[in-house]
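Notes to accompany the following structure.
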Amino acid sequence: MKKTLLALALTIFFASPLFAEPQTLKENEIEEIALKIHHEADQGGYELLSVGELKQMLDEKEHLVLIDAHPQNQFNEAYIAGANNFEFQNKFTRNWKDDAVGGSEEAYKALLGHDLNKKIVVYCGGNKCGRSNTAALWTKELGYHHVYRVTSGIKGWQDAGFPVQTAKK
């Protein structure tokens, strides 16, 4: 239910005349993105979070692991404070060597920790980016129970006016 509500909220947000100036996506494109996100979350068995919900969790210092699924060079440009970088591909294939660029399965497990009940939050570039879906699916595949995906990713975080870190020199 929460997944459906978030997908619908994304559709309404992007379709609203208040936020559509200038509208870069057509209504059917917005709908396709919202439905894609809903189906991915439903099939993957993970939950969706808004950037506002993630910001609140971080402000309240909730115990969680935050994963940025970007390539290292994009992570270095802008990331959410406290995020760990582990690169995944856009398309989930169920083959670790094809899906994960960031390192071995053991390295990812070490980054996530041994507590399978810990909250794991993943994000990537934005609503069209599939890297966070691949990260969420692998996290679930590895046995973690509380997996969340922020679909608007770093772009949504920045659009909300929240601060980012950079590793650029």
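The values are calculated or read from the model by the stated rules, or taken from the named source; none is laboratory data. As the structure is a computational prediction, the values presented were derived from the model and not from experiment. Every residue, glycine among them, receives a Cβ derived from its backbone with ideal geometry; neighbour counts consider all protein chains shown.
Observations, loosely collected:
- Apart from one condition, Gln158 fits all of (1) in contact with a strand residue (DSSP E or B) (Cβ under 7 Å, 6 or more places away or on another chain); (2) farther than 24 Å from Asp98 by Cα; (3) of a type outside the set (Lys, Arg); the exception is (1).
- Flag if Gly103 is modelled with pLDDT under 95 and surrounded by 19 or more Cβ atoms within 10 Å (Cβ to Cβ): no
- When Pro17 is tested against (1) assigned to a helix (DSSP H, G or I); (2) at pLDDT below 95; (3) farther than 19 Å from Lys128 by Cα, just one condition goes unmet, and that condition is (1).
- Test result for Lys3, at pLDDT below 90, over 22 Å from Leu111 (Cβ atoms) and assigned to a helix (DSSP H, G or I): yes
- Taking every residue in region 138-156 that is basic (Lys, Arg) and pairing it with any residue that is surrounded by fewer than 16 Cβ atoms within 10 Å (Cβ to Cβ), at least 6 positions away or on another chain, the pairs with Cβ-Cβ distances below 9 Å are Lys140/Gly45.
- Each residue in region 35-50 was checked for being touching a residue at least 60 places away in the same chain (Cβ under 8 Å) and either farther than 14 Å from Val121 by Cβ or surrounded by fewer than 22 Cβ atoms within 10 Å (Cβ to Cβ) (or both), and 6 pass.
To keep it simple, each residue is scored yes or no on (1) exposed (fewer than 13 other Cβ atoms within 10 Å of the Cβ); (2) touching a helix residue (DSSP H, G or I) at 6+ places or on another chain (Cβ under 6 Å); (3) among the small types (Gly, Ala, Ser).
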| residue | (1), (2), (3) |
| --- | --- |
| Gln56 | yes, no, no |
| Phe75 | no, no, no |
| Asn85 | no, yes, no |
| Phe88 | no, yes, no |
| Phe92 | no, yes, no |
| Asn95 | yes, no, no |
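- So Thr93, is it farther than 29 Å from Ile30 by Cα and among the hydroxyl-bearing types (Ser, Thr, Tyr): no
- Residue check, Lys91 among the basic types (Lys, Arg) and either touching a Gly at 6+ places or on another chain (Cβ under 8 Å) or more than 15 Å from Leu49 (Cβ to Cβ) (or both): yes
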